[in-house]
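Each value in this text was obtained by applying a stated rule to the coordinates, not by laboratory testing. Just so it is clear, the structure is predicted and the values come from calculations on it, not from any experiment. Backbone-built Cβ (ideal geometry, glycine too); neighbour counts: all protein chains shown.
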Amino acid sequence: MSESHSPKFLESLRNLVGSVVSMLQTRLELASVELAEERERLMKVALLALFGLVFFSMALMTFTLLVAILFWESYRWQALGAIVLFYLICAGVCLLVARNKVRHAPPLFESTLAQLDKDREMLRQ
């Protein structure tokens with residue numbers, strides 16, 4: 001009798017291994033799709049941020065020039081110092097916000113990890 005169950009056992013084992021490999025392949029495909037989406041999103045955000053910074057820099061330079069011209073005769077050093085101080089404060093706030101966003105960003109491959117957790121729980125049952 002054990003000889004007749006042996007082929008069924010091996011077939012079941014092959015099916016199990018095939019299922020596990022198929023499941024892992026699906027999860028890897030999901031991870032690669034997530035990575036591609038994240039890369040595309042980051043490229044768009046970086047490009048928009050770059051253009052925004054270029055235009056913002058041009059606006060700041062023009063504003064600085066305008067203030068310097070307006071206060072040139074009376075308070076030129078004070079006006080330029082106040083502008084520099086304002087720029088430094090804005091830069092510090094931006095850097096603190098950016099650091100906070102990086103620290104509280106969602107984990108990469110969040111969907112893939114959640115699906116793997118579901119798979120693990122399903123296999124435990």
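Summary table
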item: Computed lengthening from GLN115 to SER19, 0.36 nm per intervening residue step minus Cα-Cα distance; result: 33.0 nm
item: Pair VAL84, THR62: separation of 7 Å Cα→Cβ label points (nm); result: 2.5
item: Potential extension, LEU30-LEU96 segment - 0.36 nm per residue separation minus Cα distance; result: 20.4 nm
item: The chain - convex hull of alpha carbons, volume per residue in Å³; result: 94
